[in-house]
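**Student:** Got a structure here, written out as structure tokens. Questions coming.
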Amino acid sequence: ETEISVHDTMLKAPLDGVIVKRNVELGSLVAAGTVAFVLADTTSIKVVFGVPDLSVDRLRLGQVVAMAAEAIPGAGFQGRITKIDPSADPNSRIFQIEVEIPNPDQSLKPGMIAVVALKETPESADQVAVPLSAIVRTPGNHTGYALYVVDRQGDKGRAVLRPVKLGPVSGNMVVVTDGIKPGDSVIIKGATLIVEGEEVRVVREAG
């Protein structure tokens, strides 16, 4: 009976892995069913990221994608897409994608920031995205959107209101499907304080 009691105090891992979280300390009194440790098999890891609807159509299960980790400069990794959400998040309109990447040497750690490279299509290469802070309501049209571009006249510039059509949102960026083109200078800060035709001076341009 004593041996049975001792056996009941033993914890056996159901898999080979590493402990990523410990919820109890030595000598703690815990109730039955308490999760004591969280284990992870890091011989392969999953990268989770979101894409807008204009990009999700060119992704397929099993597709190979390239990835880099900010914590491991110069190293490149490859994985395969294992999950594509069938519907977008209702708020962000973003589809969640999962990529499984082999990690036999354990160099990738859970929680690292990853950069995933997806091949561009001709359509996506021509897309223009701007910060959400640049978007304003069209005066007199509460359903329309616009932004201010800089009309350069020598060393000076004037703010010109440009009606635009918006596409999907990704984070704090939104795709503009019509109204501006690559190379236009867009006012991204203080847009709600500007009056059309007001003289502006460009102090910094985003790369």
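The values are calculated or read from the model by the stated rules, or taken from the named source; none is laboratory data. It should be emphasised that the depicted structure is a prediction, and the values quoted were computed from it without experimental measurement. Positions of Cβ are backbone-derived with ideal geometry, glycine not excepted, and every protein chain shown enters the neighbour counts. In case anyone asks, the SASA skips ligands and DNA or RNA and just uses the protein heavy atoms, side chains included. Shrake-Rupley method; radii C 1.70, N 1.55, O 1.52, S 1.80 Å.
**Student:** Roughly what would the spin-label model give for D57 and D89, points 7 Å off Cα along C-beta, in nm?
**Tutor:** 2.3 nm
**Student:** Going toward the positive end of the dipole of the chain, with +1 on Lys and Arg Cβ and -1 on Asp and Glu Cβ, which of Y148, I94, I135 do you reach last?
**Tutor:** Ranked along the dipole, the leading option is Y148.
**Student:** Carbon and sulfur: what percent of the chain's accessible surface (1.4 Å probe)? List each step's numbers first, then the result.
**Tutor:** Details: 7770 of 14450 Å².
C and S atoms contribute 54 percent here.
**Student:** Which distance in Å, rounded to a whole number, links the C-alpha centroids of the stretch 123-197 and the stretch 13-90?
**Tutor:** 37 Å
**Student:** Another question about this same structure. Please name which of G27, T42, P14 has its Cα lying farthest along the dipole of the stretch 1-65 towards the positive end, using unit charges on Cβ (Lys, Arg +1; Asp, Glu -1) and the Cα centre as origin.
**Tutor:** Looking along the dipole axis, the top candidate is T42.
**Student:** With an 8 Å Cα cut-off and a minimum separation of 6 or more residues, compute the relative contact order for the stretch 1-99 in percent.
**Tutor:** Details: 117 pairs, mean separation 22.6, N = 99.
Reported as a whole number, the value is 23 percent.
**Student:** Using only the alpha carbons of the stretch 4-101, what is the convex hull's orientation-averaged projected area in square nanometres?
**Tutor:** Working: hull surface 41.6 nm².
For the stretch 4-101, the mean projected area of the Cα convex hull comes to 10.4 nm².
**Student:** Placing +1 at every Lys and Arg Cβ and -1 at every Asp and Glu Cβ, with all other atoms neutral, what dipole size does the chain have around its Cα centre, in debye to the nearest 20?
**Tutor:** Numbers: 21 positive and 25 negative charges, 140 e Å.
For the chain, the charge dipole is close to 680 debye.
**Student:** A follow-up question, please. Keeping every protein chain present and rolling a 1.4 Å probe, give me the accessible area per residue for the chain in Å². Walk me through the numbers before you get to the answer.
**Tutor:** Numbers: 14450 Å² over 207 residues.
I get 70 Å² per residue for the chain.
**Student:** Leaving ligands, DNA and RNA out of it, rank K189, K46 by accessible area with a 1.4 Å probe, largest first. Mind showing how you got there, number by number?
**Tutor:** Details: K189 155, K46 125 Å².
Result, largest first: K189, K46.
**Student:** For the full complex of protein chains and a 1.4 angstrom probe, list M112, M67, M10 by accessible area with the highest value first.
**Tutor:** Values: M112 70, M67 10, M10 105 Å².
The most accessible residue leads, giving M10, M112, M67.
**Student:** Enumerate lysine pairs in the chain that are 8 or more residues apart or on different chains, then count those whose Cα atoms are under 28 Å apart.
**Tutor:** Lysine pairs satisfying the spacing and distance rule in the chain number 20.
**Student:** How much length is gained on full extension from I4 to V115, taking 0.36 nm per residue of separation minus their Cα-Cα distance? Walk me through the numbers before you get to the answer.
**Tutor:** Numbers: separation 111, 0.36 × 111 = 39.96 nm, distance 5.06 nm.
Here the answer is 34.9 nm.
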